[in-house]
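Working notes, beginning with the structure itself.
The values are calculated or read from the model by the stated rules, or taken from the named source; none is laboratory data. Note that the structure is a prediction, hence the values are computed from the model and not measured. Here the Cβ positions follow ideal geometry from the backbone for every residue, glycine too, while neighbour counts run over all protein chains shown.
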Amino acid sequence: MMKKFNKTTITSQAAESGILNFHPSLVQILVENFLWHLLLILLFWTILPLPYFFWKYIRIRSTSYILTTQRLITKSGVFWKEVNFIELYRVLDIQVERGPIYQLLDFARTCLGRKPLLLGDIRVFSSDYSHAKLFLYTIPNALGVAEKIRKAFNDDKDIKRVIRRD
């Protein structure tokens, strides 16, 4: 004997309506992932700049300046070496700039009882075609070095009897 089932449809009597709309808390996410974020920040600010600072160190160590009685020679380059010569009789002017970071560094060294470095940037202006402006960055005792360059180019101009345009 077979039983028959009545098919009855169940319909909802009321339309669905929203009760609450919410989002996860940003503070909770930051607190839960604090160590992960701290690690990422430390990685970004300490590990990633290391190759950049290493490259800068290599470039600084591969740059040198030689002052002779007739020329100012600059040698630079890591993979491709570049050597530039500026004849001293062509030098027109020298400018020394000591920025606030250099002065702050010297003040800190003086407070620690150490001798100041007297760092500065030297700009050499010349009538040379290839290097009308030569920048010598972060030179220790910049005023003393600039004075030696000035004396050398004045002596060279006197020897070569160059007419000065003062």
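Residue by residue through the range 128-152, note down the ones that are closer than 14 Å to Ser64 by Cβ and outside any strand (DSSP E or B). Break it down into steps so the answer makes sense when it comes.
Taking the range 128-152 as the starting set, the residues that turn out to be closer than 14 Å to Ser64 by Cβ are 134, 136-140, 145.
Once the filter is applied, which keeps residues that are closer than 14 Å to Ser64 by Cβ and outside any strand (DSSP E or B), the range 128-152 yields Pro140, Val145.
Check the range 88-102 and report whether any residue there is polar (S, T, N, Q), at pLDDT 90 or above, more than 21 Å from the chain's Cα centre (by Cα) and within 15 Å of Asp128 (Cα to Cα). Before the answer, list the steps.
Of all residues in the range 88-102, those polar (S, T, N, Q) come to 95.
With at pLDDT 90 or above added as a condition, the list becomes 95.
Of the ones still in play, those that are also more than 21 Å from the chain's Cα centre (by Cα) are 95.
Narrowing further to those that are within 15 Å of Asp128 (Cα to Cα): none.
No: zero hits.
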Restricting to the range 126-142, what's the tally of residues that are more than 18 Å from Lys75 (Cα to Cα), exposed (fewer than 13 other Cβ atoms within 10 Å of the Cβ) and touching a residue at least 40 places away in the same chain (Cβ under 8 Å)? 0
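Considering Thr69, Thr74, which residue is in the same structural domain as Lys151 (by TED's automatic domain parsing), modelled with pLDDT of 85 or more and loosely packed, with under 10 Cβ neighbours inside 10 Å? Quick ask: steps written out before the conclusion?
Working: Thr74 fails: loosely packed, with under 10 Cβ neighbours inside 10 Å.
On inspection, the qualifying residue turns out to be Thr69.
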Does Arg123 satisfy the criteria of being in contact with a Gly (Cβ under 6 Å, 6 or more places away or on another chain), surrounded by 13 or more Cβ atoms within 10 Å (Cβ to Cβ), farther than 15 Å from Glu87 by Cβ and among the charged types (D, E, K, R)? no
What are the pairs with Cβ atoms under 9 angstrom where one residue, in the range 78-96, is of a type in the set (Lys, Arg) and the other, located anywhere, is part of a loop (DSSP other than H, G, I, E, B)? Sequence gap at least six, or different chains. Lys81/Ser62; Arg90/Ser127; Arg90/Asp128; Arg90/Val162
Hey, Phe54 hits all of (1) among the hydrophobic types (A, V, I, L, M, F, W, C); (2) modelled with pLDDT of 85 or more; (3) over 22 Å from Ile149 (Cβ atoms); (4) outside any helix (DSSP H, G or I) but one; which does it fall short on? (4)
